[in-house]
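The values are calculated or read from the model by the stated rules, or taken from the named source; none is laboratory data. Just so we're clear, the structure is a prediction, and the values are computed from it rather than from any experiment. Cβ placement follows ideal geometry from the backbone for every residue including glycine, while neighbour counts extend to all protein chains displayed.
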Amino acid sequence: MPITPLESLNSSTPQDVNGLSEDRDFKARPLQQPNNSEHSQINGVPPAVALMQMMTGVWLTQSIYVAASLGIADLLKEGAKSVDELAPAVGAQTSHLYRVLRALASFGIFTEVAPRQFALTEMAEYLRSDVPGSLRSLSMTMSDEWQWNCWGDLLNIVKTGQPAMQKLYQVNDTFEYLTQKNPQAGALFDKAMIGWCSAIHLAVLNAYDFSGIHKLVDVAGGHGTLLASILAKYPYLQGVLFDLPQVVAGAGPLLESRGVADRCEVVGGSFFETIPAGGDGYILSHIVHDWGDEDCIKFLSTIRRAIAPHGKLLVVEMVIPPGDTPHFGKLLDVEMMAIFSGGRERTEAEYHQLFQAAGFQITRIVPTASPVSVIEGVVDLNR
Ligand SMILES: C[S@@+](CC[C@H](N)C(=O)[O-])C[C@H]1O[C@@H](n2cnc3c(N)ncnc32)[C@H](O)[C@@H]1O
């Protein structure tokens, strides 16, 4: 089946939480009818049931993780299979695996086509490892031990403001943990980002016109999935892929396979020390939200010194809408709080402040068909 961009997560679409669509009237009703809850319904269920479904979301998260880790979706790609066949193939207990798959099927992830026989559904397709936009690694990294430990510390983080990673793993930041302390978790995280970001990258490519740029530097571009897509679409464009040395070391095969390696320089380093100079475009996709303002101002100021006059700074991030408006970025912001020190999603006003503090001004914010926007800036010549 075709893998589509994550349009369903964009800001204008209510989010699905455990099969519950968030309702824009969701907050108003209980306030208006505090003593009349038996008549109040949220998406067809009473408020207490709706709340309970949200509170137990971790049961679903972890069940998806089990199916993802065991590679169940890959085993079903040729057609339905009995759990008696699946369980020994993945080294699981038949009755236990059956109960997990039955629960997932009740949410439309897999379907029980005959007693104890399961098949893929549209959602389960995304748990295959061999489809574009696969979310299998994302499920696995979201339930990885370090993530659980950070989320387990959330109450403490909220009370003290102290980030979890430093305390739990004695590292300066999450990327030090992923590259140096637990490279296996790091490799899974990188793979997850490729799957998760590929749909978002496509949305960026469709929404933003890169044609005025001649040399584009992808700052912290990972293995170069976004840059490779941009270079493939704009054949005259030169690219520079910049990320930590351990990360860019693995970029060659991807750039070769996309046929853009000859137009892409690969540079390893830390953006807290240096950033390749001379580009007339600097793109940072899902980077600014990993860091607090002080750190962002450091690397954005370095770009300010490195960028060609009239060059464009392009920050690809979610822009948090005001008030109760549902947006995927609002919960992602809590994930940022849990796993990064200072990481956060930002509002439009906060992006204006950040750009200004680093010597840029925002020229426009281009929405995409995914939850992210391209925040475009130029050097602020008044500073
Ligand atoms: C969430 S990933 C985003 C990857 C890519 N931009 C994308 O959109 O797919 C964050 C990236 O930041 C990189 N990174 C973290 N700290 C860095 C640093 N000090 N210097 C350069 N890159 C860094 C990581 O190695 C990782 O590739």
When restricted to HIS286, HIS310, the only residue on the phi > 0 side of the Ramachandran plot and near the ligand (Cβ under 9 Å from one of its atoms) is HIS286
Considering residues that are part of a helix (DSSP H, G or I) and touching a residue at least 12 places away in the same chain (Cβ under 8 Å), the number found within the range 93-109 is 7
Among residues of the range 335-374 being under 24 Å from SER143 (Cα atoms) and polar (S, T, N, Q), the residue surrounded by the fewest Cβ atoms within 10 Å (Cβ to Cβ) is SER341
Of SER270, SER301, the only residue that is part of a helix (DSSP H, G or I) and hydroxyl-bearing (Ser, Thr, Tyr) is SER301
Among (1) more than 16 Å from the ligand (Cβ to nearest atom); (2) within 22 Å of the chain's Cα centre (by Cα); (3) modelled with pLDDT of 95 or more; (4) outside any helix (DSSP H, G or I), PRO326 falls short only on (3)
Filtering the range 186-227 down to residues that are part of a loop (DSSP other than H, G, I, E, B), touching a residue at least 40 places away in the same chain (Cβ under 8 Å) and either basic (Lys, Arg) or more than 9 Å from the ligand (Cβ to nearest atom) (or both) yields TYR208, PHE210, GLY212, ILE213, HIS214
When restricted to ARG263, ARG305, the only residue under 27 Å from LEU381 (Cβ atoms), assigned by TED's automatic domain parsing to the domain that holds ALA203 and either away from the ligand (no atom under 14 Å from the Cβ) or surrounded by 14 or more Cβ atoms within 10 Å (Cβ to Cβ) (or both) is ARG305
Scanning the range 228-258 for residues that are among the aliphatic types (A, V, I, L, M) and near the ligand (Cβ under 9 Å from one of its atoms) gives LEU244, VAL247, VAL248
Of (1) closer than 28 Å to ILE303 by Cβ; (2) within 16 Å of the ligand (Cβ to nearest atom), GLY133 fails just (1)
Restricting the range 125-139 to residues that are among the hydrophobic types (A, V, I, L, M, F, W, C) and crowded, with 20+ Cβ neighbours inside 10 Å, the one farthest from LEU202 (Cα to Cα) turns out to be LEU127
Q: Inspect all residues belonging to the range 53-60 and state whether any of them is touching a helix residue (DSSP H, G or I) at 6+ places or on another chain (Cβ under 7 Å) and either part of a helix (DSSP H, G or I) or surrounded by fewer than 18 Cβ atoms within 10 Å (Cβ to Cβ) (or both).
A: no
*asked:* Here is a check on your reading of the model: is PHE118 in a loop (DSSP other than H, G, I, E, B), under 15 Å from SER63 (Cβ atoms) and in contact (Cβ under 8 Å) with a residue 24 or more places away in the chain?
replied: no
message = Just checking, does the range 174-197 include any residue being in the same structural domain as VAL315 (by TED's automatic domain parsing), over 15 Å from the mean Cα position of the chain (by Cα), among the basic types (Lys, Arg) and at pLDDT 90 or above?
response = no
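From the list GLU85, GLU78, exactly one residue is more than 17 Å from GLN62 (Cβ to Cβ) and in a helix (DSSP H, G or I). Which is it?
GLU85
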GLY224 meets each of (1) touching a Cys at 6+ places or on another chain (Cβ under 8 Å); (2) farther than 26 Å from SER137 by Cα with one exception, condition (2)
